[in-house]
Amino acid sequence: MSELVKLTRLEDIAVVTIDNPPVNALSPGVPEGIVQAIEAAAHDPAVKAVVVIGAGSTFIAGADIREFQKMTSGEKPRGTLLPALLAIEDSPKPVVMAIHGQALGGGMEVSMAGHYRVIAPSAQVGQPEVKLGIIPGAAGTQRLPRLAGVAKAVEMCAFGEPISAQEALTLAIVDRIIDGDLLTGAVAFAREVADRPAPKSRQRNEKLSNVDPSIFAIARDTARKTKRGQPAPLAAIDAVEASTKLPFEEGCKLEAKLFSECLYSIQSKALIHAFFGERTVNKIPDIPKATPVYEIRRAAVIGAGTMGGGIAMNYANAGIPVIVKETTQEALDRGIGIIRKNYANSVQKGRFSQAVMDERMTLITPQLSYDGFDQADIIVEAVFEGMALKKQVFGQIDAIAKPACILASNTSTLDVDEIASATKRPEMVIGHHFFSPANVMRLLEVVRGKATGKEVIATSMALAKRLKKVAVLAGNCRGFIGNRMLGPYFREAQFLIEEGASVEEVNQTLYDFGWAMGPLSVSDLAGLDVGWRIRKEFKHLEKPGVRIPRVADRLCELGRFGQKTGRGFLKYDAERRPLPDPETAALIEAVAREAGIERRNITREEIVDRCLFALVNEGAKLLGEGFALRAVDIDIVYLNGYGFPAWRGGPMFYADTVGLGKVLARIQEFEARHGSDLWSPAPLLQRLAQDGRTFADFDRQTASQASA
Ligand code: 3H9
């Protein structure tokens, strides 16, 4: 056999072991190896049945996603897995697929080509291809409805969530759950079925008749709402629907056509970029994998406000006991009340049981004192965003915390080195910038100060994984990666309304681009007073004569802080539904008049380019200055913390798809019109555009320099 697939025999049962670490992806050689092994077993008179199993931690995590990149770049022709699966299914001897870990995508399709499936209790199965902008491409959309029924197949193929072993058994996707050693159980099962006629899933049509057509209509409706702008979920629904109308072979042909259309789309490239990006951000060139980490057994959070409460929930969710400290009983009660309400909502929605909620609540200790802080392995400060207060808090905790305790600040903009200067252990100080709501948003910006120890960074990255966050390492510049870039983005959104676009036009255009919310709605949601406070803190940095956005400050002066006061850029009813606000429109016109800004018609194209390229230009600046490790790190920040559409791959990937030459030309136009203080092109962008290169090329070069 091949290196990747091994054939052994346990008396009368052949065992085919797939061994392609780390996740047994179906790289070249694997499907062929399985087929050859099964054929060899078929010719071995001593063999009665075959078990296919994965070595290591999983069965098969799907097609090798890196191969897709080679196919779409033209490096390789498009491969197909289906013939191998038909060959497996046509084996004259029963094939039992033994699943542990995950059977995902092509892995699930391989398993369904077997005649039987047995599974470990902790395993999962699923067709997650839509998350990569594609659909199952090796008969998954045709076999799954035959096994699980059409409704479940639509759900699994269109929305991509995996299901548990127990659910797979209930749905008849698998035949048995094996407690104890999987191989032993699978071999015993194979002996049981060895003399029975082997059922082929492609011939099982009984679940395809009398299908309620509303299943497809409802799924399409949901996909249009929850997967806005993405064709793959709709294509997956079309493919599953075809299984109810066409014979298996014809259904497979339609599936292959839809798969190809999705695979060669920019969306799938963007989502694959995001998939690998999420894994790349963990790799920090000067911090080797073997760097020792501190053990985090107990945590403490200072502040029970929106951020502090959400952060504490993350620790409790991960099973880490956490103290939450406030300064007044009232603030503490309010904070704990919100945590309780959030958990109760989850219980009500069936996300977890009351018992789980109770357990998490007992892990959270609310208090007004610093009692127990000397036992904490990490203290996270989440007080108001003001340097004086933060330094005071860090001075206090430095005096109490044990020497090996990490002191993390949840600052979103402030200088981590200055915060660290309030302590005698700057090497233990780091930024942990969570995103609101901290119990929901996946991003954690880990901010490295000049003295932050490598172990502290390594611990933070590992801890983020435990907290189920995507951590991105940022350098210590004002606003770090995310908020530094957001400044110019919000600035342009406000300039556009001063220059003649309506609040609704700016919001709607960027929502249509794919953002989860328009920028002015985001400001209203976050609270306009937050930015107001930060702008006051940094007032001394404003350059005289350089245009600044004025509307938000004027709204704040009127006490209009956004959703929480019922008015901001928009007006909000009691249910916080947005309504246009003619008074704000009049205020914007007055602000423009006072500033001598000429109002004009503004196109949707200008709205997109001004906002997006302001974002990209700032991203290129901080990348060139070394505050982000790679362009993809910036993309992952924006995809996980700011509602940037995943199917556009992030701002830097988006710029690559537009073409850096075009992006630069547009920025130069804006520079000519609005001045160099606002629009000077990033030197890195200029260099890449001049050389005809992309941000992806920059990342590749960085990676090769790091490994050299
Ligand atoms: C498909 O199957 C299409 C079919 O219909 C066939 C059509 C013809 N390929 O995530 P981890 C790497 S589409 C290549 O950190 P975990 C990953 O990059 C596919 N590489 O581990 C990482 O590399 P590195 C459908 C892959 O334990 C390393 O493995 N399948 C693949 O946290 C460890 O990964 C999916 O979408 C792959 N398929 O999670 C499943 N998968 O160490 C994708 C992983 O260099 N995979 N790698 O950074 C996953 O969801 C998770 O990896 C899994 C394990 C849950 C399996």
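Just one of the numbered conditions (1) more than 19 Å from Val52 (Cβ to Cβ); (2) away from the ligand (no atom under 16 Å from the Cβ); (3) at pLDDT 95 or above; (4) open to solvent by 50 Å² or more (accessible area, probe 1.4 Å) is not true of Asn210; which one?
So the condition that Asn210 fails would be (3).
Can you pull out the residues in segment 204-253 that are under 22 Å from Ala138 (Cα atoms), basic (Lys, Arg) and outside any helix (DSSP H, G or I)?
Selection gives Arg204, Lys245.
Among the numbered criteria (1) over 23 Å from Lys227 (Cβ atoms); (2) open to solvent by 80 Å² or more (accessible area, probe 1.4 Å); (3) in contact with a helix residue (DSSP H, G or I) (Cβ under 9 Å, 6 or more places away or on another chain), which one does Glu161 miss?
In the conditions (1) over 23 Å from Lys227 (Cβ atoms); (2) open to solvent by 80 Å² or more (accessible area, probe 1.4 Å); (3) in contact with a helix residue (DSSP H, G or I) (Cβ under 9 Å, 6 or more places away or on another chain), Glu161 misses (1) alone.
Mind checking which residues of segment 270-326 are of a type in the set (Asp, Glu) and open to solvent by less than 40 Å² (accessible area, probe 1.4 Å)?
Start the filter on segment 270-326 by keeping residues that are of a type in the set (Asp, Glu), which leaves 278, 286, 295, 326.
Within segment 270-326, Glu326 is the sole residue that qualifies.
Quick one: Glu250 ticks every box in (1) within 16 Å of the ligand (Cβ to nearest atom); (2) open to solvent by 10 Å² or more (accessible area, probe 1.4 Å) bar one, so which box is it?
(1)
Looking only at segment 445-462, how many residues end up being within 17 Å of the chain's Cα centre (by Cα) and open to solvent by less than 10 Å² (accessible area, probe 1.4 Å)?
Selection size over segment 445-462: 2.
Can you tell me how many residues within segment 42-63 are within 28 Å of the chain's Cα centre (by Cα) and either crowded, with 17+ Cβ neighbours inside 10 Å or not in a loop (DSSP other than H, G, I, E, B) (or both)?
Matching residues across segment 42-63 total 7.
Please specify each residue of segment 186-201 satisfying the condition of being out of contact with any Ser or Thr (no Cβ under 8 Å at 6 or more places or on another chain) and open to solvent by less than 40 Å² (accessible area, probe 1.4 Å). Step through it out loud before you land on a result.
Here is the first cut: in segment 186-201, the ones out of contact with any Ser or Thr (no Cβ under 8 Å at 6 or more places or on another chain) are 186-197, 199-201.
Result: Ala186, Val187, Phe189, Ala190, Val193, Ala194, Ser201.
Please go through segment 147-188 and give me each residue that is without any contact (Cβ under 8 Å) to a residue 12 or more places away in the chain and either in a helix (DSSP H, G or I) or among the acidic types (Asp, Glu) (or both), ordered by number. Give the steps one after another, and end with the answer.
Here is the first cut: in segment 147-188, the ones without any contact (Cβ under 8 Å) to a residue 12 or more places away in the chain are 167, 170, 180-181, 184, 188.
Of everything in segment 147-188, those that are without any contact (Cβ under 8 Å) to a residue 12 or more places away in the chain and either in a helix (DSSP H, G or I) or among the acidic types (Asp, Glu) (or both) turn out to be Glu167, Thr170, Asp181, Thr184, Ala188.
Checking the condition assigned by TED's automatic domain parsing to the domain that holds Ala236, more than 16 Å from the ligand (Cβ to nearest atom), on the phi > 0 side of the Ramachandran plot and out of contact with any Phe, Trp or Tyr (no Cβ under 8 Å at 6 or more places or on another chain), which residue from Ala151, Ala188, Ala172 passes?
Of Ala151, Ala188, Ala172, the one residue that is assigned by TED's automatic domain parsing to the domain that holds Ala236, more than 16 Å from the ligand (Cβ to nearest atom), on the phi > 0 side of the Ramachandran plot and out of contact with any Phe, Trp or Tyr (no Cβ under 8 Å at 6 or more places or on another chain) is Ala172.
Of all residues being part of a loop (DSSP other than H, G, I, E, B) and in contact (Cβ under 8 Å) with a residue 12 or more places away in the chain in segment 658-698, which is surrounded by the fewest Cβ atoms within 10 Å (Cβ to Cβ)? Just the residue, please.
If we filter segment 658-698 for residues that are part of a loop (DSSP other than H, G, I, E, B), which is where we start, we get 659, 675, 680-682, 691-694.
Next, from what is left, pick out any that are in contact (Cβ under 8 Å) with a residue 12 or more places away in the chain: 675, 681-682, 692-694.
Numbers: Gly675: 13, Pro681: 21, Ala682: 21, Gly692: 10, Arg693: 15, Thr694: 19.
By that ranking, first place goes to Gly692.
Taking segment 6-27 as the region of interest, how many residues are part of a strand (DSSP E or B) and away from the ligand (no atom under 16 Å from the Cβ)?
Of segment 6-27, the ones part of a strand (DSSP E or B) are 6-10, 13-18, 26.
Retained after the next criterion (residues that are away from the ligand (no atom under 16 Å from the Cβ)): 6-10, 13-17.
Residues meeting the conditions: 10.
Can you find a residue that is over 24 Å from the mean Cα position of the chain (by Cα), open to solvent by 10 Å² or more (accessible area, probe 1.4 Å), within 28 Å of Leu246 (Cβ to Cβ) and charged (D, E, K, R) anywhere in segment 106-120? First the steps, then the outcome.
So the first thing to find is which residues in segment 106-120 are over 24 Å from the mean Cα position of the chain (by Cα), and the list is 109-120.
When the remaining residues are screened for being open to solvent by 10 Å² or more (accessible area, probe 1.4 Å), the result is 116, 120.
Adding the requirement that they be within 28 Å of Leu246 (Cβ to Cβ) leaves 116.
Now narrow it down to the ones that are charged (D, E, K, R): none.
No, every residue in segment 106-120 fails to be over 24 Å from the mean Cα position of the chain (by Cα), open to solvent by 10 Å² or more (accessible area, probe 1.4 Å), within 28 Å of Leu246 (Cβ to Cβ) and charged (D, E, K, R).
What do you reckon, is Gly56 among the small types (Gly, Ala, Ser), within 11 Å of the ligand (Cβ to nearest atom) and under 20 Å from Val96 (Cβ atoms)?
Yes; evaluated as a whole, the condition is true for this residue.
The values are calculated or read from the model by the stated rules, or taken from the named source; none is laboratory data. Everything numeric here is computed off the predicted structure, so don't read it as measured data. With ideal geometry, Cβ positions are generated from the backbone for all residues, glycine too; neighbour counts draw on all protein chains shown. Ligands, DNA and RNA are excluded from the accessible area calculation, which covers all protein heavy atoms including side chains. Shrake-Rupley method; radii C 1.70, N 1.55, O 1.52, S 1.80 Å.
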